[in-house]
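Q: Right, I'll just put the structure down here and ask away after.
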Amino acid sequence: MDQIVESVRELLRSHLVQGLLLTLAGVILGWLLAWWRRRRLLRQVEAGSARDMVAIEQMLVKDHSDGRTTLRIRSCGAAPLKTVLTNPVAYEAFMARSEATTPTETLISMKDQMGSYLLYLLTPWVCGMVRSGPCPHAVWVMAPVCEPGILSAHQATTIVLIREQDLKRFLDWEWCKQVYVEHGSDGARVLTLWHMAREFEKQMAEVQRLRQAGQRTTYVETMYILDLGLDMEEVNLPTRPVPWERLTPVLRELGLG
């Protein structure tokens, strides 16, 4: 037995054997890491999480001659979040804030120095992505949102763009309930715009108060106001009322049920 043990020890002292063992350990470790990463990605797919992608969506609000008001959502492009927020600290902060959203609070928090920095980084990317032909300019409100849980099967990080004059209409919940949409699931966006409108009013009131007092408004803005010339043309695709019964638990929690 002693001879066997000594033979094994001699074998393990061999540089060739040591190299083979280290190679084998590296292969096993690499396989385990790849397996863990794939499992994590599969869990994200099963949960519908797409927060590591950031999309830009334009809101088109239009009154029709038959009395309907429609909300149409148009994609303006998307990109991996890491290519937009190249600073790792900013990326991690944005992801954490996106994951902190709930069905009753879909606005991604931008209420501090880091939030202001994130808006600063997102703005040039958004403006570059939506640049198009010569279209009439208007004041647009930009806000990052995420609609998780019951609101959406795919929990994406989205930069919402809506004209200021259209956003103000969403302050009236009774009016919101009458808006027609192209897809029943777009009711989540109507609810998000209701949140946006209320938060925007608070922001503008606070900015005005600070300016009248001669104080700085740094870090107060949680949404940015942009001068953009975006195409407002739309195809008159079929629309329908929002099936609000799908969102009954959320509406009750918000006191809107």
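Q: For region 193-221, give me each residue that is small (Gly, Ala, Ser) and surrounded by fewer than 14 Cβ atoms within 10 Å (Cβ to Cβ). Break it down stepwise before answering.
A: Filtering region 193-221 down to residues small (Gly, Ala, Ser) leaves 197, 205, 213-214.
If the condition is that a residue be small (Gly, Ala, Ser) and surrounded by fewer than 14 Cβ atoms within 10 Å (Cβ to Cβ), then 205, 213, 214 are the ones that fit.
Q: Limited to region 162-179, what total is found for residues that are surrounded by fewer than 22 Cβ atoms within 10 Å (Cβ to Cβ) and touching a Leu at 6+ places or on another chain (Cβ under 7 Å)?
A: Restricting attention to region 162-179, the residues satisfying the condition of being surrounded by fewer than 22 Cβ atoms within 10 Å (Cβ to Cβ) are 163-166, 168-169, 171-179.
Retained after the next criterion (residues that are touching a Leu at 6+ places or on another chain (Cβ under 7 Å)): 173, 179.
Looking only at that region, the number is 2.
Q: Anything in region 197-233 that is farther than 15 Å from residue 162 by Cα, part of a loop (DSSP other than H, G, I, E, B) and either out of contact with any helix residue (DSSP H, G or I) (no Cβ under 9 Å at 6 or more places or on another chain) or free of Cβ contacts under 8 Å to residues at least 60 places away in the same chain (or both)? List them, or say none.
A: 213, 214, 215, 216, 217, 220
Q: A follow-up question, please. Can you work out which of the residues in region 222-254 that are acidic (Asp, Glu) and more than 23 Å from residue 131 (Cα to Cα) is surrounded by the most Cβ atoms within 10 Å (Cβ to Cβ)?
A: As a first pass, look at region 222-254 and keep what is acidic (Asp, Glu): 227, 231, 233-234, 245, 253.
Remaining after also requiring more than 23 Å from residue 131 (Cα to Cα): 245, 253.
Details: 245: 9, 253: 12.
Among those that are acidic (Asp, Glu) and more than 23 Å from residue 131 (Cα to Cα), it is 253.
Q: Could you please let me know if residue 47 is modelled with pLDDT of 75 or more and among the aliphatic types (A, V, I, L, M)? Walk me through how you get there before you give the answer.
A: Working: modelled with pLDDT of 75 or more: no; among the aliphatic types (A, V, I, L, M): yes.
In short, no.
Q: Related question: Every residue in region 174-186 that is out of contact with any Phe, Trp or Tyr (no Cβ under 6 Å at 6 or more places or on another chain), assigned to a helix (DSSP H, G or I) and of a type outside the set (S, T, N, Q), please. Give the steps one after another, and end with the answer.
A: Here is the first cut: in region 174-186, the ones out of contact with any Phe, Trp or Tyr (no Cβ under 6 Å at 6 or more places or on another chain) are 174-175, 177-186.
With assigned to a helix (DSSP H, G or I) added as a condition, the list becomes 174-175, 184-186.
Residues satisfying the conditions are 174, 175, 184, 186.
The values are calculated or read from the model by the stated rules, or taken from the named source; none is laboratory data. Remember, it's a predicted structure, so these values are computed and weren't measured experimentally. Glycine gets a Cβ as well: all are built from the backbone with ideal geometry, and neighbour counts include every protein chain shown.
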